[in-house]
Amino acid sequence: MSLPEVLASRLHSLAEEIPPELLESINTSPVLKEGLNKVIVSSDFIAQSLVRHADAMQELVNSGDLLRAYGQEEIRQSLSDKLTKVEDESALHQLLRRFRRREMVRIAWRDIAGLAQLNEVMLDLSSLADACVDLALEKLHWWQCQEMGTPCNELGEPQQMVVVGMGKLGAHELNYSSDIDLIFAFPEHGETRDGPRTMANEQFFTRLGQRLIQAIDQQTFDGFVFRVDMRLRPFGDSGPLALSFDGMEAYYTTHGREWERYAMVKARVIAGNMQAGQELMDMLRPFVYRRYLDYGAYENLREMKAMISREVSRKGMEDNVKLGPGGIREVEFIGQAFQLIRGGNERALQERRILRVLGLLQELDILPEFVVQELIPAYIFLRDSEHRLQQWRDEQTQMLPTDEEGQARLAYSMGCTDWLDYRQKLRDVMDTVHSHFLHVFEAPQAEEESSDEELRGVWQGLLDDSQAETILQAAGYQESAETYRSLKQFRFGRTVRTLSQNGQKRINRIMPMLLAAISSGEQPDITFARILGLLEKVASRSAYLALLIENPMALSQLVRLCASRPWLTTQLSLYPFSYPHLTLPPKRLATIPVGPVAINK
């Protein structure tokens, strides 16, 4: 039986609890009647709303909103109309929570009943969060100005807060029970005017941010609106709640880490002064998207994924449709890796939505068609599964159920015959995603590195001089003593000593690769000397090292050029940043990003 008897019994008993007039209104619509059983079996949240909030459900049914897709800005306009009579924070909190419950029931019903596709569901959830945050901020800003005065810059121009939505909210991809990750900023320093006392803008907007978080996040009798997470802001929990635009720019320029670039790919201004917010995003764009092809993103995302995988394994979360192997996060990593690498050159890739990004990667010949055509339906299946898990009790979870009833419910809500059918489909999807993920993110020099242990020992000074020279001689270097002397001089020289931590790590990876690649050609000692001179010029730009590490073709091409064209090596050494095309032909390598995934089937 596809639906166990316990679920059938529950369905029958629950139907008896729904007020007759509400049930009659639902049954007058063939579409609603047809979807009712699937909806209340698949979602306790909706089932309880039908019983405990019958009046609100009656209004929702009578409005016809369950049967239609919303137009653009309709959620915002509906909430705005309801807020016109709200005059204090208590009433604001209550109205936001009741509005949220109504819309979450509507969104979940349409999703489960098959009346809405994934894109509509994600957009409606994101639009709901946008409207709640922006309109709540508008009210709170006005009230706080009446209480404390208007924040102004030094010229007396009024200031407003900007709210940046991160992650899935920023990309209009919010999931059903997601936190919303926010960052608060304000344009300029100054102080309040026309208030009982002057207050610095930072204090004003910090207080405003605290009230906004309470309005959205605080649990009351009516529940909450969205859980708010502020940890992605500059300096995290230890940083100021609201930061000026100059402070934001200084932070990301000086302290911004690679994972923050990844987070900023999806960032979007969702509330407050939208025009000023766009200026902020323009200001931060160079931090996210490099002007050059940034192959270091592979390394950084690989490390980030490894860290997540260790955490997943430690917590026994392999059955997590988001974080497990082949889960939602791996699809996002695939898309965002190419965005970080190529987004500075290909402006079209500065797109937030992952499904659109995947389509662009196919159009630009960066990923083969067969890869994209497997990743898109896989992502949709995973996100649908995530939503069904969360719609059950309006809880934030991505873990598969372990109980028989939960498994039967999930399989039924996903249109599968039984749990085994669903489990097999999920396994196929996650295996496909994980396979593509490994192809994109596998270290391209892994095999070579394992065979170059002796040369790594030579570079790192783990051997005495005679041992090192013997290994170089065996590798093909005829003037091994002179080559090793030059190698040591480079290793202990100013260029290497002054490299950043990332640069040090990359130079340690690339030198054994170069020693091996050069040794297979003619006159390796001469070629090595030429390339060493070039490294003296470019090593400080560790992105060049990352490009050579991540792209075997670029590395071998550089070795061939330096071996056969001494004048070209001289030119590259004199003007290393004027000839990026000699190291990486963008169009050619657009079809050969990393690993077998780049080779058309």
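Could you give me the radius of gyration and the Dmax of the range 359-500, taking only the C-alpha atoms into account and expressing both in angstrom?
Calculated on Cα positions, Rg and Dmax stand at 26.6, 73 Å.
How large is Rg over Rh for the range 166-254, taking Rg from the Cα atoms and Rh as the Kirkwood inverse mean of 1/r across Cα pairs?
Across the range 166-254, the Cα-based Rg/Rh ratio is 1.03.
For the pair ASP282 and ASP428, what calculated FRET efficiency results from E = 1/(1 + (r/R0)^6), where r is the Cβ-Cβ distance and R0 = 45 Å, to the nearest 0.05?
In this case the efficiency is close to 0.55.
Per q in 0.17 Å⁻¹, report the Debye log10 I(q)/I(0) for the range 325-421, using one uniform scatterer on each alpha carbon and no solvent.
Those come out to -0.79, one per q.
How large is the Rg to Rh ratio of the chain when both quantities use alpha carbon positions and Rh follows Kirkwood?
1.05
Hey, any idea what % of the chain's accessible area is carbon plus sulfur with a 1.4 Å probe?
Of the solvent-accessible surface of the chain, carbon and sulfur hold 49 percent.
Any idea what the relative contact order of the chain is, in percent, if you count C-alpha pairs under 8 Å spaced at least 6 apart?
Relative contact order for the chain comes out at 13 percent.
For the range 318-382, treating each Cα as an identical point scatterer without solvent, what Debye log10 I(q)/I(0) comes out at q = 0.15, 0.22 1/Å?
The Debye formula, applied to the Cα set alone, gives -0.44, -0.87.
Report the dimensions of the range 112-197 along its three principal axes from the alpha-carbon atoms, largest first, rounded to Å.
The principal-axis extents, from largest down, are 56, 20, 18 Å.
Take each uninterrupted DSSP H stretch in the chain, measure its Cα extent along the helix axis, and return the ones at 24 Å or beyond whose mean Kyte-Doolittle hydropathy is at least 0.0.
Result, helices passing both filters: 118-148.
What number does the range 454-551 give for Rg over Rh if you use C-alpha atoms and the Kirkwood radius?
0.94
Among all the aspartates and glutamates, which ones have a C-alpha under 15 Å from LYS139's C-alpha, if same-chain residues fewer than 8 places away are not counted?
ASP81, GLU87, ASP88, GLU89, ASP130, GLU147
State which entries of LYS38/LYS82; LYS322/LYS425; LYS266/LYS537; LYS488/LYS537 exceed 23 angstrom in Cα-Cα distance in the structure shown.
The answer is LYS38/LYS82; LYS266/LYS537.
What is the gain in length, in nm to one decimal, between ARG393 and LYS488 on full extension, counting 0.36 nm per residue of separation less the C-alpha to C-alpha distance?
Working it through step by step, the gained length comes to 27.8 nm.
Hey, rough spin-label estimate for SER63 and LEU462, points 7 angstrom out along Cα→Cβ, what's it come to in nanometres?
Placing both labels 7 Å along Cα→Cβ, they lie 6.6 nm apart.
Rounded to the nearest 20 debye, what is the charge dipole size of the chain about its Cα centre when +1 sits on each Lys and Arg Cβ and -1 on each Asp and Glu Cβ?
Result for the chain is approximately 1260 debye, rounded to the nearest 20.
If R0 is 56 Å, what FRET efficiency do you get for THR84 and GLU405 from their C-beta distance, rounded to 0.05?
Computed FRET efficiency for THR84 and GLU405 comes out at 0.80.
Taking only the Cα atoms of the range 350-390, how large is their convex hull per residue, in Å³?
Measuring per residue, one finds 53 Å³ for the Cα hull of the range 350-390.
Take GLU369 and MET304, extend 7 Å from each Cα along the Cα→Cβ direction, and tell me the distance between the two endpoints in nm.
It works out to 3.1 nm between the two label points.
Looking only at Cα atoms, what is the convex hull volume of the range 228-284 per residue, in Å³?
Measuring per residue, one finds 92 Å³ for the Cα hull of the range 228-284.
Which of the GluC sites (Glu not before Pro) found in the range 509-560 are in a DSSP loop and have at most 11 neighbouring Cβ atoms, other than their own, within 10 Å?
GLU522
How much FRET efficiency would the formula 1/(1 + (r/R0)^6) give for GLU34 and ALA348, where r is the Cβ-Cβ distance and R0 is 56 Å, rounded to 0.05?
In this case the efficiency is close to 0.85.
Just the number, please: Stokes-Einstein D of the range 175-226 in µm²/s, Kirkwood Rh from C-alpha pairs, 20 °C, 1.002 mPa s.
Estimated diffusion coefficient is 163 µm²/s.
Semi-axes of the equivalent ellipsoid of the range 26-160: what are they in whole Å, largest first, if each equals the square root of 5 times a C-alpha gyration tensor eigenvalue?
Equivalent ellipsoid of the range 26-160: 36, 16, 11 Å, largest first.
The values are calculated or read from the model by the stated rules, or taken from the named source; none is laboratory data. Since the model is a prediction, treat every value here as computed from it, not as a measurement. Don't worry about glycine lacking a Cβ; one is built from the backbone with ideal geometry, like all the others, and counts go over all protein chains shown. Just the protein is used for accessible areas: all its heavy atoms, side chains included, with ligands, DNA and RNA removed. Shrake-Rupley method; radii C 1.70, N 1.55, O 1.52, S 1.80 Å.
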